[in-house]
1. Using a Förster radius of 35 Å, what is the FRET efficiency between LEU21 and SER65 based on their Cβ-Cβ separation? Nearest 0.05, please.
2. Send over a whole-number figure in Å² for the accessible area per residue of the chain, probe 1.4 Å.
3. Given H placed on each backbone N at 1.01 Å, which residues far from LEU36 in sequence or on other chains put an amide H within less than 5 Å of it?
4. Express the carbon and sulfur contribution to the solvent-accessible surface of the chain as a percent, rounded to the nearest whole number, probe 1.4 angstrom.
5. Determine Rg/Rh for the chain; Rg is computed over alpha-carbon atoms and Rh is the Kirkwood hydrodynamic estimate from the same atoms.
6. Give LYS16/LYS186; LYS33/LYS186; LYS135/LYS213; LYS42/LYS135; LYS42/LYS113 a once-over and call out the pairs whose C-alpha atoms are over 20 Å from each other.
7. Could you give log10 I(q)/I(0) at q = 0.15, 0.25, 0.27 Å⁻¹ for region 143-214, computed by the Debye formula over C-alpha point scatterers of equal weight, without solvent?
8. Take the Cα of LEU91, step 7 Å along the line toward its Cβ, and report every residue of region 152-177 whose backbone nitrogen sits under 17 Å from that point.
Amino acid sequence: MAKNERKLTPAEQKRKEQFALVCEEMERQGYRKTDLTIGVVKGNLLALIVMLPFAVLSGAVVLSSYSLRSMIKSPITSLVLLFFLFLALLLLTAVHEGIHALTWAMFGKDYWKSIRFGVIWKALTPYCTCLRPAKRGQYILGAAMPTLVLGIGLTAAAALTGIFWVFILALAMIFGGGGDFAIILKMLLHRQQGRDAVYYDHPYECGVVVFEKD
């Protein structure tokens, strides 16, 4: 095992072995493999940069309806409030991964059976992966949908209600989707090297693998 390579769970190891067979078959068919993955730590740092404009836009929308002073009526003094905020973040994180799964599952009847969930424990990063191939637009839609639904939805709710903690949850969901948008950015910057391109979500790392041929 390489020095910086994380230890895989039994399920991840099995997916790794299955994906190796997929790569061999695709290359046998004449496809060229390009790895568009990013490290978890680097991805989290890049996510902050990528999502900052969206967070600023969210703040502008909310603060156009309510001033920050009117939203923060008193400092946090309740541990119960903090506890429920923590529970809400956990729940929304699960919903985020579920939206990935539901979006990818729409692409075909076999896709739902190919959805897998996991956690990269060293970075406390949950993930959802789809073992079926996708077209470029399909993959981008599945990657972006949780942030679009939760980020925009909670921003709208904060703007309508003026509840500060709803705004905090909106920002958390926006930055929480930063890894997804960092991958999307990497895909958009990748210059396709053939007329035929097939995209596979990486089965245990952050990113996508594209197979291309003329």
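The values are calculated or read from the model by the stated rules, or taken from the named source; none is laboratory data. What you are looking at is a predicted structure, and each value in this text was computed from that prediction instead of being measured. All Cβ positions, even for glycine, are placed from backbone atoms using ideal geometry, and neighbour counts span all protein chains on display. Protein only, heavy atoms only, side chains kept; ligands, DNA and RNA dropped before computing areas. Shrake-Rupley method; radii C 1.70, N 1.55, O 1.52, S 1.80 Å.
1. Approximately 0.05, to the nearest 0.05.
2. 58 Å²
3. For LEU36, whose amide H was placed from the backbone, the distant partners under 5 Å are VAL208, VAL209, VAL210.
4. Values: 8200 of 12410 Å².
Roughly 66 percent, rounded to a whole number.
5. On the way: Rg = 19.3 Å, Rh = 18.8 Å.
Checking Rg against Rh, the ratio lands at 1.03.
6. Numbers: LYS16/LYS186 22 Å; LYS33/LYS186 15 Å; LYS135/LYS213 14 Å; LYS42/LYS135 26 Å; LYS42/LYS113 31 Å.
Long pairs (Cα-Cα over 20 Å): LYS16/LYS186; LYS42/LYS135; LYS42/LYS113.
7. Evaluating at q = 0.15, 0.25, 0.27 Å⁻¹ gives log10 I(q)/I(0) of -0.61, -1.04, -1.13.
8. Answer for this model: 153-155, 157-158, 163-173.
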